[in-house]
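Nothing in this text is a laboratory measurement; each read-out follows from the coordinates by a stated rule. In this text, all values refer to a predicted model and were calculated from it rather than measured experimentally. Note that each Cβ is placed from the backbone with ideal geometry, even for glycine, and that neighbours are counted across all protein chains shown.
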């Protein structure tokens, strides 16, 4: 592909990935308005979020293999059109059931779109220097997408309507579709391969059970019979999935993808990073709106330093050094800087502390996460065989999605339980109940943020011990000479 076309292709791929990542958070600020408009109960409102994450996280591996079999550009374009249609359906929702269904459909098409986008990036940029720059841009999108979603959600909710948090995807998806049609190469298809149906059922079922179990733990409690059944059942299904993948003729997840030490380090690091990050986004949003009294727009704008830090860390630090230094010398300092940021944020109180704690913490967090996440993206997809790039990309996205689901459920549960205990210990006659409630809420957020910092420290330890490559892995060259059908079929 000509150099100029490759960089325009990057714009298309990054735009689609931004839409997918952004949609995990853009509806968060709009949720109170949507709940009032559609008369949702407090117990049901969570499904606006979890219907998307359930379908997305549970079907990513299947989506990655479909991308390998049907052609990555074809799957990418189908995902874009489907995502646009599901977004329009959600924006026009007349009831909560219609909205939940539309969000689940968004997750289904996102599971096609996300692995296709990442594998297209890996196979489009094979020159080490250009690949570093391309992954820098992509890493910034992955890292900053959640924060950008909060900013966009604030503006759309305050100045238009909550429905525009969904409608906005339609023009974005159509522009990306037109760009994909004109710019992206068709890519190789593997019609000789077969979809691993037992693997798809076991893997998707296990992921769905785990994500659903973690989402229900927030409202039901970790000791609930349904939650325990889902979690242990999900682990059992994933164990059977792993066993089956060693025996399947054409496995859904080739063992070569997860036997590579560098990719395993990238997957585990990404999972732990998103465990901490998604919970902290939630807490900071509630802190700024509920405690500091910020409007949705002001809350969104308050995340700008985090977004800027991620872009700088990804494009100006990691992208410039990725091919010059060992990956762990970027990942470990980045993760330690991010952990230090959470330690600073975890010390906020009821008094305004944005300038003293949140702002410097956001800048540190952005720089650290941008550097570490961009390096992880490169490790996760580098050196994988072209025919398996969809599976590798799907595994990386699955690590992100599962980590986000676990983090939101786990840290929310910790925050809620700590808040309840604080109220019991400090409540009573003669006290200012509103003041105690605010103190209890902030205390719960702080304790949960310390746990999030622990997840980042563990990620740094794994990156330092497991990732030992002297340089970022070199990608396979473009698929100009596919191996013979007989060889691929085994």
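Report relative contact order for the chain in percent, whole number only (criteria: Cα-Cα under 8 Å, sequence separation at least 6).
Value for the chain: 23 percent.
If you count, for each residue, the other Cβ atoms within 10 Å and average over each peptide, how do 48-60, 311-323 line up from highest to lowest?
48-60, 311-323
What do you get for Rg/Rh of the range 202-251 when both radii come from the Cα atoms and Rh is the Kirkwood radius?
Ratio value, two decimals: 1.12.
Below 8 Å, C-alpha to C-alpha, sequence gap of six or more: please give me the relative contact order for the range 14-123 in percent.
About 38 percent, as a whole number.
Hey, fewest Cβ within 10 Å first, where do 68, 37 land in order?
Fewest-to-most Cβ neighbours within 10 Å comes out as 37, 68.
Please list the radius of gyration and Dmax for the chain, considering alpha-carbon atoms only, with Å as the unit.
21.7, 81
For the range 64-123, what is the convex hull volume of its Cα atoms per residue in Å³?
About 60 Å³ per residue, rounded to a whole number.
Roughly what angle does helix 128-159 make with the longest principal axis of the chain, taking Cα atoms, 0 to 90 degrees, to the nearest 10?
Computed tilt is about 40 degrees.
When the helix-only estimate is applied to the chain (DSSP H runs of n ≥ 4, each -39,500 (n - 2.57), divided by the residue count), what is the mean residue ellipticity at 222 nm, nearest 500 deg cm²/dmol?
-25500 deg cm²/dmol
How large is Rg/Rh for the range 10-80, to two decimals, with Cα atoms and a Kirkwood Rh?
In the range 10-80, Rg relative to Rh is 1.09.
Round to the nearest 10 and give me the degree value, 0 to 90, for the angle of helix 433-466's Cα axis relative to the longest principal axis of the chain.
Helix 433-466 sits at roughly 30 degrees to that axis.
What is the packing order of peptides 105-117, 397-409, 78-90, taking the mean over residues of other C-beta atoms within 10 Å and listing the highest first?
Highest mean packing first, the order is 105-117, 397-409, 78-90.
Which ordering of 246, 285, 229 is given by a fewest-first count of other beta-carbon atoms within 10 Å?
Ranked by crowding around the Cβ, least crowded first: 246, 229, 285.
At a threshold of 8 angstrom on Cα-Cα distance, excluding pairs fewer than six apart, so keeping six or more, what relative contact order does the range 254-369 reach in percent?
31 percent.
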